[in-house]
Amino acid sequence: MSSHFLTTSRHKNVFRLPSISTLPTHALTMSSVTFHALPPSANSSCTRCVLKCGGIDFEEVNAYGQTRTPEYLAKFPTNLAPAIEHDGACVSETNAIARYLCGAFPDKAGKFYPGDAKSKAKVDMVTEYTGITLYNYLAKATYPTIGFPLYAGDVAATEALKDHVAGSQEAAAAELLNLINDKYVNNWLKDSTFLCGDEPTIADFRFAPIMYFARVAVVLPERIVKYLDDMETKVPGFKEATEGPRGFTADKVKA
Ligand SMILES: N[C@@H](CCC(=O)N[C@@H](CS)C(=O)NCC(=O)O)C(=O)O
């Protein structure tokens, strides 16, 4: 079992039904989801997209300042948001949450992770590439500008290297734009409206919110601007679900 697919401290096995009387009130409605989110975050927006576009009932809780509390850590040792609680399961990691929701609510969100093993593998490949490789460059290119903390070992997190932050951001932005063009524009978005075909999948919910941050560091290619417009106008719930990152970066867009 993945270490991200965690149990609460009250019950040891995610697949064993917990005693109802020991759970907090919000967990009593077995079908509803408690969603711990950081409102402006692109990662949290992915989860919100699956929930809203799928029409899944949920309660959103602001996780700002909460991710390192003993209560949060007991449920989510990763100390990260997004994270969800549903039916006794505590899940963090954006991609794991998206797949969990599609599996737990097949009638509502199953369509966002469709098909056989090969179709799912394509969605997984794009989703993982976006969350790991692309996001790595996005953070280096944009976090110093927007005031998000970087990670140990990064130039912007190293006081002695502060004179090199601008150069490091520039190099990361150049590679970010290169990857957006090479992998997404010229490949996954070449012949289809969305990344894995003409219907949106979790790969789109992973990638599209990140583009609202990418536009801080790079001028988005025309194809990506059109893609975001399609997401906003053709995918019910997407626009509302991504108000956080869109609003947060609206006045920081690179001209
Ligand atoms: N790999 C994680 C990354 C999530 C992440 O980095 N979350 C940050 C905000 S965007 C966070 O919750 N930070 C809180 C903390 O470090 O305590 C995912 O894909 O969900």
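The values are calculated or read from the model by the stated rules, or taken from the named source; none is laboratory data. Computed from a predicted model, the values in this text were never measured in an experiment. For neighbour counting, all protein chains shown are included, and Cβ atoms are generated from backbone atoms with ideal geometry for every residue, glycine included. These accessible areas exclude ligands, DNA and RNA; they are computed on the full protein's heavy atoms, side chains included. Shrake-Rupley method; radii C 1.70, N 1.55, O 1.52, S 1.80 Å.
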* Structure fact -> When every residue in segment 188-203 that is part of a loop (DSSP other than H, G, I, E, B) and open to solvent by less than 10 Å² (accessible area, probe 1.4 Å) is compared, the one nearest to Pro114 (Cα to Cα) is Thr201
* To do: Could you grab the pairs with beta carbons closer than 8 Å, sequence gap of 6+ or different chains, first residue in segment 93-112 and farther than 17 Å from Ser41 by Cβ and within 13 Å of the ligand (Cβ to nearest atom), second one open to solvent by less than 40 Å² (accessible area, probe 1.4 Å) and among the hydroxyl-bearing types (Ser, Thr, Tyr)?
  => Arg99/Tyr113
* **Subset of segment 114-152 [within 22 Å of Ser41 (Cα to Cα) and of a type in the set (Gly, Ala, Ser)]** => Gly131, Ala139, Ala141, Gly147, Ala152
* Would you check if there is a residue in segment 128-150 being free of Cβ contacts under 8 Å to residues at least 40 places away in the same chain, within 15 Å of the ligand (Cβ to nearest atom) and on the phi > 0 side of the Ramachandran plot? => yes
* Could you tell me which of the residues Cys46, Cys90, Cys102 is under 27 Å from Ala217 (Cα atoms) and open to solvent by less than 30 Å² (accessible area, probe 1.4 Å)? => Cys46
* Asked: Of all residues in segment 121-138, which are buried (at least 19 other Cβ atoms within 10 Å of the Cβ) and among the hydrophobic types (A, V, I, L, M, F, W, C)?
  -> Val123, Val126, Leu134, Leu138
* Any residue at all in segment 46-60 that is under 23 Å from Ile210 (Cβ atoms), of a type outside the set (Asp, Glu) and near the ligand (Cβ under 9 Å from one of its atoms)? -> yes
* Structure fact -> The condition of being outside the structural domain of Lys183 (by TED's automatic domain parsing) and not in a helix (DSSP H, G or I) holds, among Cys102, Cys90, only for Cys90
* Structure fact -> From the option list Ala241, Ala214, single residue qualifying as over 16 Å from Cys49 (Cβ atoms) and either open to solvent by 50 Å² or more (accessible area, probe 1.4 Å) or not basic (Lys, Arg) (or both) is Ala214
* To do: Considering each of Tyr135, Tyr184, Tyr113, Tyr151 in turn, give the residue that is at pLDDT below 95 and among the aromatic types (Phe, Trp, Tyr).
  => Tyr151
* Test: residue in segment 152-167 that is away from the ligand (no atom under 15 Å from the Cβ), buried (at least 18 other Cβ atoms within 10 Å of the Cβ), closer than 26 Å to Asp198 by Cβ and of a type in the set (Val, Ile, Thr) -> no
* To do: Could you list all residues from segment 66-86 that are among the aromatic types (Phe, Trp, Tyr) and either more than 12 Å from the ligand (Cβ to nearest atom) or in a helix (DSSP H, G or I) (or both)?
  => Tyr72
